[in-house]
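One structure below.
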Amino acid sequence: MSYVKMKASEYATLTDLSLNTVKNRIRAGVLKGGKEEDGIWYVYLTQEELDYIRGARDSKEEKEKNLQANLENLKSTLEGSLIATYMSALMQKEQQKEQLLHELSSLYTLLAIREKEMEFLLRELERIKQRCSEKEEEEKRLKESLLESEEKIRKLQESLREKDYLLSQKELELQRVVLDKDKELLNKEMEISALRRELEKRKRGE
């Protein structure tokens, strides 16, 4: 379906509404339209809707012209002038009343929009609170897990220190054994050397 694009301000003038009322009706989805990239609000109408609105506008203007002509005729006499003045004031009040009703309708529409937005924001807030609560629980579990891991690491470090100590003791013990063996070997070598010298002496004595 093709639409005719009209500025919201022009639509407001055509329908005797305020621009804010037109914008609020667009926001509420009562009217098709929106704010475009040029920063201007537009109303989208079918050709049938536009023809109907223009026809209603022309009909209203024609009735007002006829009424105004009748009022002008009444002003020819004093009594008629008073009636015409009263009728003009009454018409002005009716127009003001109609405008106020339009504004009130627009405000109710806007209020309904704000209530829906508030409901959405409250649901979103609850969802965020729930996520925060879940994150806090997860953080608590991670802290507990971290403490457990730190305790395990501490125990492993203690065990490692103990093993290092035992290993160093074993190394010292091994070094002592090696030294003792070296001494024994050295003593044996000295004994062998002494025996060899003794053997050489005996050989020369013969």
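Taking every residue in segment 183-206 that is touching a residue at least 60 places away in the same chain (Cβ under 8 Å) and pairing it with any residue that is of a type in the set (V, I, T) and part of a helix (DSSP H, G or I), at least 6 positions away or on another chain, yields no pair with a Cβ-Cβ distance below 6 Å. Does I153 qualify as being at pLDDT below 90, out of contact with any His (no Cβ under 8 Å at 6 or more places or on another chain) and β-branched (V, I, T)? No: the conditions fail for I153.
Pairing each residue of segment 33-59 that is surrounded by 12 or more Cβ atoms within 10 Å (Cβ to Cβ) with any residue that is among the acidic types (D, E), provided the two are 6+ apart or on different chains, yields C-beta distances under 7 Å for Y42/E36. Exactly one residue out of E138, E117, E126 is closer than 30 Å to A28 by Cα, assigned to a helix (DSSP H, G or I) and modelled with pLDDT of 90 or more, and it is E126.
The values are calculated or read from the model by the stated rules, or taken from the named source; none is laboratory data. Values in this document were obtained by computation on a predicted structure and should not be read as measured data. When we count neighbours, we look across all protein chains shown, and the Cβ atoms used for this are built from the backbone with ideal geometry, even at glycine.
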